Amino acid sequence: MSLRTFFFLALLLRLPVYAAAIYLSYPDNMHLFYGVELFLVLDAVVSYIFYRRVMTPLDTVQGALNLLNGQDWNVSLLKTGQPEVDGLVEVFNRMMRALHDQRVLMREQSNFLSLLVDMSPSGVIVCDFDGKVRLANPAARRLLGDDVLGPAITAMPDGADISMRRPDGTVIRCLRRHFLENGVRNTFYIIENVTEPVAAAEKDAYDKLIRLMAHEVNNTVAGLATAMDALSGIDPDGDEVLASCKERAIALSRFISRFADVARMPDPELVKVDLVESVSVMCPFLESLCQPRRITLEMVMPDAPVVVRADTHMLEQVIVNIVKNAVESIGSDGAVELRIDELARTLTVTDNGPGIAPEKAAKLFTPFFTDKPDGQGIGLTFVREALRRHGCTYSLATDTADGLTRFSIKFPV
């Protein structure tokens, strides 16, 4: 039973008492009759005032509950003139202002966080408790593509921090962490492109190593050559051995010098170059690399010029290294295609060799890595460094669909 119903029921129960008193006093005792009527009027007035004073706080509380239930924090209650109720109204209004300010602050922070995530150069991926992607910002899709959760990232344990080198030479750093939302564990990933700092660190490392090796080897070779020249002619039987040793020492010096050339690579002098013309000029030399191994070279180029900014000599050396690697990968009896796409501004070298194993694909651009018995591991290092200085993006991978291996270079606009 509500308080309002109980109040009216109590009021109705008093009416028979007043009616009986009025009936018994009329007309024998008129003073009592008028007194009872006056008391009835006063009781009605007092009951009304009491009703208003009791029900107003209840109505106020009910209105407050309705506002809280509707989550409307922009309104407040009016004071009633009753000190007890007005104290409650003041506390409620302060609470509503605090909730309103808190909600505004949370919305502002949420909007700022959303903007920050969207504009961040680092990729951000948020997954719910069952591993489904809730959020992937533009940087994450730019770095990883539409399939942001690849096998390597999904297999990461919580709290891990790993770096992955992709076939296009890009080095990706990925961190996995978690947070709680409404008591449910959610996972998030931070993806960073650390290609430039890693390349710079690798370059500094092999620069120091090559300088040290070149210094020690050249000094040793110079001493040995001088000693062997001094010993030459003393014993005719030993001159042939000394000459052979001197030749091997000089060959070792040249070998180290090739590493040093990569470390001392000058900055490219970028000028406008017609890519079609440059490749056409190189065609006879590239064919000479293929013909001894019975490998056909096909050139697919547009009729219109494709103008790029490049260092002609450095670019030619890059193309030679790429075609040479394709030829060596095939071995013999195969085909190499060199294609220039005018619209995409790309140069692609395709070969039908055995392909690149997945476990080797990520290591190809690592300094000194090679899977060739007589390789030195500096060819692709030179290519990577030259393309990086040209501002080009590149990829080297074997397509599982057709089994062909493609080295693609995209020139900046």
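The values are calculated or read from the model by the stated rules, or taken from the named source; none is laboratory data. Since the model is a prediction, treat every value here as computed from it, not as a measurement. In this analysis, Cβ positions are derived from the backbone assuming ideal geometry, glycine residues included, and neighbour counts consider all displayed protein chains. Keep in mind that these areas ignore ligands, DNA and RNA; they rest on the heavy atoms of the full protein, side chains included. Shrake-Rupley method; radii C 1.70, N 1.55, O 1.52, S 1.80 Å.
If I ask for residues that are surrounded by 13 or more Cβ atoms within 10 Å (Cβ to Cβ) and out of contact with any Gly (no Cβ under 8 Å at 6 or more places or on another chain), which ones from region 285-295 would you list? Correct list: LEU286, GLU287, LEU289, CYS290. Within region 301-342, the set of residues being open to solvent by 40 Å² or more (accessible area, probe 1.4 Å), part of a strand (DSSP E or B) and either in contact with a Cys (Cβ under 7 Å, 6 or more places away or on another chain) or of a type in the set (Val, Ile, Thr) (or both) comprises VAL307 only. I'm checking my understanding of the structure. Among residues of region 343-384 that are aliphatic (A, V, I, L, M) and modelled with pLDDT of 80 or more, which one is surrounded by the fewest Cβ atoms within 10 Å (Cβ to Cβ)? Once the filter is applied, the top-ranked residue is LEU343. Has region 135-155 got at least one residue that is closer than 25 Å to ASN182 by Cα and either in a strand (DSSP E or B) or of a type in the set (Lys, Arg) (or both)? Yes - at least one qualifying residue is present in region 135-155.
Among the residues making up region 174-188, those that are out of contact with any Gly (no Cβ under 9 Å at 6 or more places or on another chain) and open to solvent by 50 Å² or more (accessible area, probe 1.4 Å) are PHE179, LEU180, GLU181, ASN182, GLY183, VAL184, ARG185, PHE188. On inspection, ARG177 passes the criterion of being farther than 27 Å from ARG388 by Cα and modelled with pLDDT of 75 or more. Against the criterion of being in contact with a Leu (Cβ under 8 Å, 6 or more places away or on another chain) and part of a helix (DSSP H, G or I), VAL117 qualifies. Residue under question is VAL148, and the condition is that it be surrounded by 10 or more Cβ atoms within 10 Å (Cβ to Cβ) and within 10 Å of the chain's Cα centre (by Cα); does it hold? Yes, satisfied. I'd like the full set of residues that are charged (D, E, K, R), over 30 Å from VAL171 (Cα atoms) and without any contact (Cβ under 8 Å) to a residue 24 or more places away in the chain, limited to region 98-137. Within region 98-137, ASP101, ARG107, GLU108 qualify. Screening ASN137, ASN218 for residues that are modelled with pLDDT under 70 and touching a helix residue (DSSP H, G or I) at 6+ places or on another chain (Cβ under 8 Å) leaves exactly one candidate, ASN218.
Here VAL85 fits the description: at pLDDT below 85, over 30 Å from PHE407 (Cβ atoms) and either open to solvent by 30 Å² or more (accessible area, probe 1.4 Å) or not polar (S, T, N, Q) (or both).
Within region 156-176, the set of residues being part of a loop (DSSP other than H, G, I, E, B) and either among the β-branched types (Val, Ile, Thr) or in contact (Cβ under 8 Å) with a residue 60 or more places away in the chain (or both) comprises ARG166, PRO167, ASP168, GLY169, THR170.
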